[in-house]
Amino acid sequence: MARKFITERRPTATRSVPRTDGVPRPPERTYSIEEALDIFILAKEAEGVRERTIADYRSHIGYLSEYLSANYPEVLDDIGALTANIIREYVNYLRKERNPYKGAEYRNEIARKGLAVNTINMRLRTLKTMCRFWHAESIAPINAMENIGQVRDDSKKEVEGFRDDALTKILDSLDDRQFAQWRDKVLMYLMLDTGLRPEEGTTVKISQFDFTRLVVVVPSEVAKNRRDREIPITREVAKMVKALYEESCQYFGPQEYVFINAYGQPFTSGAFRKRLNRMKKSLGLEKVFPNMFRHTFARNYILNGGDIFTLQLILDHADIKTTRKYVQMSNEDVKAQHNKHSPVRRYLRR
């Protein structure tokens, strides 16, 4: 069926003062926040940390530097001037004043202030790791994060999956005659069938599929926990993936990736997120995030009779506690499962 197509700076090789007997020595000079970041990243690259994590380090410090520039510019030139009180003020700024969509395309009109607790805590975890490193390497005289904990939150912390009516609305809205929408639909079905992470799904290669055995392999270099895993796929979804790939090859020639954009370039999770955001607005839905397809898979897998230990392997979770958090049941889910499995019915039939 014919469809319509719609330089990072290198780290400065600056030496820090070595430790003696495990005790950090006082810094011999002052380090700017940029220099301290470069030394930290150099160390993490030597440890084999992935590029995406390195990019997160840079962006998280970028947010902090933006705040410091407006409030404590002296810290930009001397990381040793960073104190616990400054960090606490920064946290309160993130909680109460920061526009969650500042700088994001199409989303600057949002009036709500304050970031989600999970977002703040991710930035704090990064900063805690850095401050510990800077103090241990005698780059900073103190560990400014030593006595600062995570922000508490009484609300649900995990992304919920789609309700059936919302998911049906999304899938029914896609026009298979439009290449981009057909591609989006296949990606959605793949994630709903396998629980792949958004980054794993958008960047999946045709070589990862075994259409005879009906499995998709996530190699260790792609997987978050750095271990290979093999995930079964249904025959119907396998056919859709194969059809999309063959169609892409007809338009653009031989391809390595299954999901590509209208210019024949690899599709990205960021592009997918933007498309879902536009879909959310057009359909009048409250939330539509890429990771919601993964959470929907997890919840429905359990509701359909799957066990949590197999689900843990499929989702690639190191700790089963994480898997439990993924299975967010609504009150309707709990009621339906209770009506189906309540042991009292056994006795009422007597």
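The values are calculated or read from the model by the stated rules, or taken from the named source; none is laboratory data. Only a predicted model underlies this, so the values are computations on that prediction, with no experimental measurement involved. Here the Cβ positions follow ideal geometry from the backbone for every residue, glycine too, while neighbour counts run over all protein chains shown.
Leu190 is checked against (1) part of a loop (DSSP other than H, G, I, E, B); (2) closer than 18 Å to Pro290 by Cα; (3) modelled with pLDDT of 95 or more and fails just one. What number does that condition carry?
Among (1) part of a loop (DSSP other than H, G, I, E, B); (2) closer than 18 Å to Pro290 by Cα; (3) modelled with pLDDT of 95 or more, the lone unmet condition for Leu190 is (1).
What pairs come up if the first residue lies in the stretch 134-146 and is on the phi > 0 side of the Ramachandran plot, the second is part of a loop (DSSP other than H, G, I, E, B) and of a type in the set (Gly, Ala, Ser), and their beta carbons are under 9 Å apart, counting only those six or more places apart or on different chains?
Ser138/Ser16
Checking the conditions here, which among Val258, Val241, Val237 is hydrophobic (A, V, I, L, M, F, W, C), in contact with an Asp or Glu (Cβ under 6 Å, 6 or more places away or on another chain) and modelled with pLDDT of 95 or more? Reasoning before the result, please.
Details: Val258 fails: in contact with an Asp or Glu (Cβ under 6 Å, 6 or more places away or on another chain); Val241 fails: in contact with an Asp or Glu (Cβ under 6 Å, 6 or more places away or on another chain).
Answer to the selection: Val237.
Report yes if Asn339 is at pLDDT below 75, out of contact with any His (no Cβ under 9 Å at 6 or more places or on another chain) and within 25 Å of Ala166 (Cα to Cα), otherwise no.
Details: at pLDDT below 75: yes; out of contact with any His (no Cβ under 9 Å at 6 or more places or on another chain): yes; within 25 Å of Ala166 (Cα to Cα): yes.
So Asn339 fits the description; yes.
Just to be sure, is Glu221 more than 27 Å from Gln178 (Cα to Cα), among the acidic types (Asp, Glu), in the same structural domain as Thr322 (by TED's automatic domain parsing) and surrounded by 13 or more Cβ atoms within 10 Å (Cβ to Cβ)? If you could, list the steps in order and put the result at the bottom.
Details: more than 27 Å from Gln178 (Cα to Cα): yes; among the acidic types (Asp, Glu): yes; in the same structural domain as Thr322 (by TED's automatic domain parsing): yes; surrounded by 13 or more Cβ atoms within 10 Å (Cβ to Cβ): no.
The answer is no for Glu221.
What are the residues in the stretch 29-80 that are closer than 13 Å to Ile139 by Cβ and not in a helix (DSSP H, G or I), if any?
Arg29, Thr30, Tyr31, Ser32, Asp78
Please return the ranges of helices (runs of 4 or more DSSP H) entirely within the stretch 212-324 where 1 or more residues are more than 23 Å from Leu174 (Cβ to Cβ). Don't jump to the end; show me each part of the working.
Working: elements: 235-252, 269-283, 291-303, 308-315.
It comes to 291-303, 308-315.
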